[in-house]
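Here is the structure we will look at.
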Amino acid sequence: MGYQSDPEKSGLILPFSSAVKFHGHICPGLAIGYYASHIGMRWLHSHIGDDSEVMVMVENAGCAVDAVQVITGRTIGNGNLIVYDYGKQVYTFMIKGTGKGLRISLRPEYTLERIDPEIAALWEKTSAGEAKAGETVDLPRRVERICRAILETSGDVVFDIREVAIDFPGREPGAGNVICARCGEPVSSDKARKTIDGYYCQPCSQRN
């Protein structure tokens, strides 16, 4: 199966501008998540007519997650979007109960550092308030060029795309609350640390 460029012309998903509006600004991470979602949804539509049994797993907790939520309709709260903060541009789409999935991972040549080796330093200078006027103006232009380079290139060039056998974990049943022995605030029992002195929420358990 080929993966065309220009995902906005597929007619299957919302335009990139919808993801930008939701996220608040344009950035390469958002473009990557958007394009991966486009490819994943195309694959899913070719296998099923109803996407109610779809789950998505993302291996980073960055800007891309916003694009995935907007384009796929999967959310963390509903339990059909699973986010692992591994710092990897990897996206897996699965049809529940089939063991079938599509794994989409960014190729090394399409990392930010490869497309524009100087932008990371410019971003850092801008964030620190050290960029010159010309550099501040140039940054959004370079960001847009990077996004275009990603979105206007064939998907199988930007990503390694392959079908995989995978079983997503089921959503854990809701846990009851316990009271943190230090701060006195309620905390889900499955997230609390149990000690001989009682339960502690994670922030309190990390304090001396």
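Just a few scattered comments:
- Selection within the stretch 1-40: residues that are of a type in the set (A, V, I, L, M) and more than 18 Å from residue 59 (Cβ to Cβ). The member of this set that is modelled with the lowest pLDDT is 1.
- Any hit, the stretch 106-114, residues being basic (Lys, Arg), out of contact with any Leu (no Cβ under 6 Å at 6 or more places or on another chain) and in contact (Cβ under 8 Å) with a residue 12 or more places away in the chain: yes
- Matching residues, the stretch 19-60, being surrounded by fewer than 20 Cβ atoms within 10 Å (Cβ to Cβ) and β-branched (Val, Ile, Thr): 20, 26, 48
- Among residues that are among the charged types (D, E, K, R) and within 27 Å of the chain's Cα centre (by Cα), residue 193 is not included.
The values are calculated or read from the model by the stated rules, or taken from the named source; none is laboratory data. Since the model is a prediction, treat every value here as computed from it, not as a measurement. Please note: Cβ atoms are built from the backbone with ideal geometry, for glycine as well, and neighbour counts cover all protein chains shown.
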